[in-house]
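K.L.:
One structure coming up, written as structure tokens, with questions to follow.
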Amino acid sequence: MQKKLDAIKMLALDVDGVLTDGTILVDSRGRESKSFSIIDGHGIKMWKRAGLKIAFLSGRACATTKHQARELAVDFRLNGRRDKLKGLKELIKMSKTPAGQIAYVGDDLPDLPVIRSTGFSAAVANAVDEVKRAADYVTRQKGGEGAVREVIEYILKKTGRWDGLVKRYMADSPRQRGTVPVRKNRNTELSNKSQISNGAGRQKKQSVTPGKSKK
């Protein structure tokens with residue numbers, strides 16, 4: 001398994017049911033909308049930050065998926081590929097990445113040929129049983145609820161990349177430097193200022209020379 005993971009250079013993702021929960025909302029004008037996880041999105045950014053490639057391999061083509069791919073700067077976008085195996089061959093050709101260097105995440109029967117053909121494969125928690133049995137890894141999270149992030153973390157941790165990526169979030173932490181700033185209570189500050197002011201007033205009164213009026 002470790003050799004498989006070490007060889008991975010690209011992560012290819014099904015969209016509906018993997019990056020989403022599989023629900024497609026259609027309004028009265030026929031326009032579609034989907035819900036994507038921010039957790040998955042940030043995981044994809046970390047994956048790319050590690051110098052690895054990302055691809056969408058989806059059976060459906062819609063504007064929402066295209067928009068999400070642009071937002072996440074996805075390297076290769078293959079939408080409307082009903083035949084996923086043909087889509088994989090197209091991805092291999094256009095990216096010049098062998099199947100053994102591609103990891104794939106799927107959830108349904110059309111994903112099965114790709115699950116069996118790539119270097120490493122994962123099934124989301126709510127995938128069909130056939131896909132789960134064929135996959136190298138089954139997530140604890142469901143599609144659209146952090147499953148992709150889980151796969152990304154799994155591969156990055158197993159290949160020794162994760163800690164280096166996390167350091168950027170820890171480097172400037174005051175707690176890491178041992179200089180956590182102490183937040184003062186505003187009411188205490190106001191009370192102290194009031195006491196100082198009153199004290200200064202008393203001292204001024206005491207300094208008035210007897211027999212002379214205070215101007």
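The values are calculated or read from the model by the stated rules, or taken from the named source; none is laboratory data. Small disclaimer: the values here were computed from a predicted structure and weren't measured. Heads up, the Cβs are rebuilt from the backbone with ideal geometry, glycines too, and the neighbour counts pull from every protein chain shown.
K.L.:
Which of the residues that make up the range 11-32 are free of Cβ contacts under 8 Å to residues at least 60 places away in the same chain and part of a strand (DSSP E or B)?
P.N.:
Across the range 11-32, the qualifying residues are Leu25, Val26, Glu32.
K.L.:
Output the qualifying pairs, or none if there are none: Cβ atoms under 7 angstrom, residues six or more apart or on different chains, first residue in the range 52-78 and in a helix (DSSP H, G or I), second residue aliphatic (A, V, I, L, M).
P.N.:
Going by the 7 Å Cβ cut-off, the qualifying pairs are Thr65/Val15.
K.L.:
Any idea which of (1) within 22 Å of His42 (Cα to Cα); (2) basic (Lys, Arg); (3) in contact (Cβ under 8 Å) with a residue 12 or more places away in the chain; (4) assigned to a helix (DSSP H, G or I) is the one Arg168 doesn't satisfy?
P.N.:
Arg168 satisfies every listed condition except (3).
K.L.:
Quick one: which of Thr159, Thr118, Thr97 is surrounded by fewer than 16 Cβ atoms within 10 Å (Cβ to Cβ) and hydroxyl-bearing (Ser, Thr, Tyr)?
P.N.:
Criteria check complete, one pass: Thr159.
K.L.:
If Leu112 satisfies all but one of (1) surrounded by fewer than 17 Cβ atoms within 10 Å (Cβ to Cβ); (2) free of Cβ contacts under 8 Å to residues at least 60 places away in the same chain, what's the number of the condition it fails?
P.N.:
Of everything listed in (1) surrounded by fewer than 17 Cβ atoms within 10 Å (Cβ to Cβ); (2) free of Cβ contacts under 8 Å to residues at least 60 places away in the same chain, Leu112 misses just condition (1).
K.L.:
Here's a follow-up. Identify all residues within the range 113-148 that are of a type in the set (A, V, I, L, M), farther than 16 Å from Phe56 by Cα and in a helix (DSSP H, G or I); write none if there are none.
P.N.:
Result: Val131, Ala134.
K.L.:
State which residue is nearest to Ile8 (Cα to Cα) when the search covers only the range 89-113 and only residues that are over 23 Å from the mean Cα position of the chain (by Cα) and among the polar types (S, T, N, Q).
P.N.:
Across the range 89-113, the extreme among qualifying residues is Thr97.
K.L.:
To continue, here is another question. Picking from Leu52, Leu19, Leu109, Leu11, which residue would you name as being of a type in the set (A, V, I, L, M) and more than 30 Å from Val166 (Cβ to Cβ)?
P.N.:
Within the list Leu52, Leu19, Leu109, Leu11, the selection yields Leu109.
K.L.:
Could you grab me the full set of residues in the range 76-93 that are farther than 15 Å from Leu112 by Cβ and small (Gly, Ala, Ser)?
P.N.:
Gly80
K.L.:
Out of (1) modelled with pLDDT of 95 or more; (2) over 24 Å from the mean Cα position of the chain (by Cα), what's the single condition that is false for Ala127?
P.N.:
Every condition holds for Ala127 apart from (2).
K.L.:
If I filter the range 55-72 down to residues being over 13 Å from the mean Cα position of the chain (by Cα) and aliphatic (A, V, I, L, M), which single residue comes out as nearest to Glu153 (Cα to Cα)?
P.N.:
Ala55
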